[in-house]
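To start, the structure itself, in structure tokens.
Every read-out reported here was derived from the displayed coordinates using simple, explicitly stated rules and does not represent laboratory data. Please read all numbers here as calculations on a predicted model, not as lab measurements. Cβ coordinates were reconstructed from backbone atoms using ideal geometry, including for glycine residues, and neighbour counts include every protein chain displayed.
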Amino acid sequence: MRYGIFSDVHSNLEAFTAVLDAFSRKKINRYLCIGDIVGYGADPKECIRKTKELNAVIVEGNHDWASAGFMDAAYFNLYAKKAVEWTQTVLSDEEKEFLRSLKLVYQTDDITLVHGTLERPEAFSYIFDTRTAQKTMELSNTQLCFVGHSHVPVVFSSKGGSLSYSFESKVEILPQTRYIINVGSVGQPRDGDPRACFAIYDTETKKIEIERIQYNIKVAQEKIIEAGLPHILATRLAGGK
Ligand code: ZN
């Protein structure tokens with residue numbers, strides 16, 4: 001089984017299309033989406049439509065919830081809040097209902113998905129380091145837990161109680177080791193690399209690869225400006241931050 005895993009599309013259709021093209025060349029059997037389909041970018045409707053088409057397993061992101069009017073955006077920063085308010089005006093009731101219906105956590109025999117952390121999924125806290133990864137590592141019932149939210153791809157691993165992390169893009173899943181994998185962001189990377197980020201997990205070879213792909217940033221930026229969204233949401237895409 002080959003999983004195509006992605007997170008934080010954030011209404012960036014150009015980045016999402018590039019990632020879907022890449023997936024189509026990788027023999028993917030099942031898609032997993034770790035939340036925040038919408039927010040920040042100018043194409044929430046198309047990004048929702050394309051995600052639905054994948055028949056993906058999807059968990060809830062904080063921007064999805066807020067854009068569906070399910071969560072107060074008061075604690076969002078100014079630009080995120082503006083984007084949430086704009087997205088609310090664009091989405092249909094049906095699209096909002098779809099975003100509202102997503103689950104916070106998804107778990108199979110070997111995989112857990114959560115946008116933020118497992119200790120309080122509805123609080124959308126961040127896993128930034130081994131300290132903030134600790135609780136989710138303990139609470140995960142599966143060897144692999146995929147997360148998003150920080151927009152920074154990173155892999156935490158735990159063996160014999162000792163936790164470490166790595167920014168390696170290729171990870172071999174070892175026995176007696178547990179993992180939290182942040183698959184980065186499709187539509188608004190923040191690790192200094194502006195290319196769209198996604199992951200592939202092959203259950204046969206036991207390998208996870210985090211990949212990057214270039215996309216037409218200029219078009220995504222122009223759409224953000226045309227939509228009247230804050231300019232910083234366009235400019236930050238070029239720096240990947
Ligand atoms: Zn996000």
Fill in: J(HN,Hα) series, the range 120-128, from Karplus relation 6.51 cos²θ - 1.76 cosθ + 1.60, nearest Hz, glycine and proline x
8, x, 6, 8, 6, 7, 9, 9, 9
Discussion item. So if a site counts as exposed when it's one of the GluC sites (Glu not before Pro), its DSSP state isn't H, G, I, E or B, and it has at most 16 other Cβ atoms within 10 Å, what's the longest stretch of the chain without one?
Written reply: 1-118
Worksheet item: If you stretched the chain out fully between Phe167 and Thr205, how much longer would it get, using 0.36 nm times the residue separation minus the C-alpha to C-alpha distance?
Response: 11.7 nm
Item to complete: Starting from the Cα of Asn77, step 7 Å along the direction of its Cβ; do the same at Lys218; then give the gap between the two resulting points in nm.
Response: 2.7 nm
Item to complete: Return the long-range amide H neighbours of Gly39 (sequence gap of 5 or more, or a different chain), with a cut-off of under 5 Å between placed amide H atoms.
Response: Ser11
Practice prompt. Count charges around His231 for me, please; just the other residues with Cβ under 13 Å from its Cβ, Lys/Arg as +1, Asp/Glu as -1.
Written response: +1
Worksheet, complete the sentence: Computed about the Cα centre, the charge dipole of the chain from +1 Lys/Arg and -1 Asp/Glu charges at the Cβ has a magnitude in debye, to the nearest 20, of 440 debye
Worksheet item: Counting only DSSP beta bridges with both residues in the chain, what percent are antiparallel, rounded to the nearest 5?
Response: 65 percent
Worksheet, complete the sentence: Result row for the chain, helices from DSSP H with C-alpha axial extent 20 Å or more and mean Kyte hydropathy at least 0.5, is none
Fill in: Of Lys52/Lys241; Lys96/Lys159; Lys45/Lys159, those spanning more than 31 Å from alpha-carbon to alpha-carbon
Lys96/Lys159; Lys45/Lys159
Worksheet item: Rounded to whole Å and sorted largest first, what semi-axes of the equivalent ellipsoid does the C-alpha gyration tensor of the range 12-152 yield via the square root of 5 times each eigenvalue?
Response: 23, 20, 13
Fill in: Over 26 Å [Cα-Cα, the chain], rounded percent
32 percent
Worksheet item: What are the semi-axes of the equivalent ellipsoid for the range 99-241, taken as the square roots of 5 times the Cα gyration tensor eigenvalues, largest first, in whole Å?
Response: 29, 17, 14
Worksheet, complete the sentence: Counting Lys and Arg as +1 and Asp and Glu as -1 over every other residue whose Cβ sits under 14 Å from the Cβ of Lys50, the net charge comes to -3
Fill in: Equivalent ellipsoid semi-axes - Cα gyration tensor, the range 159-238, angstrom
34, 13, 9
Worksheet item: GNM on the chain, C-alpha springs below 10 Å: top fluctuator among Lys27, Lys82, Lys50?
Response: Lys27
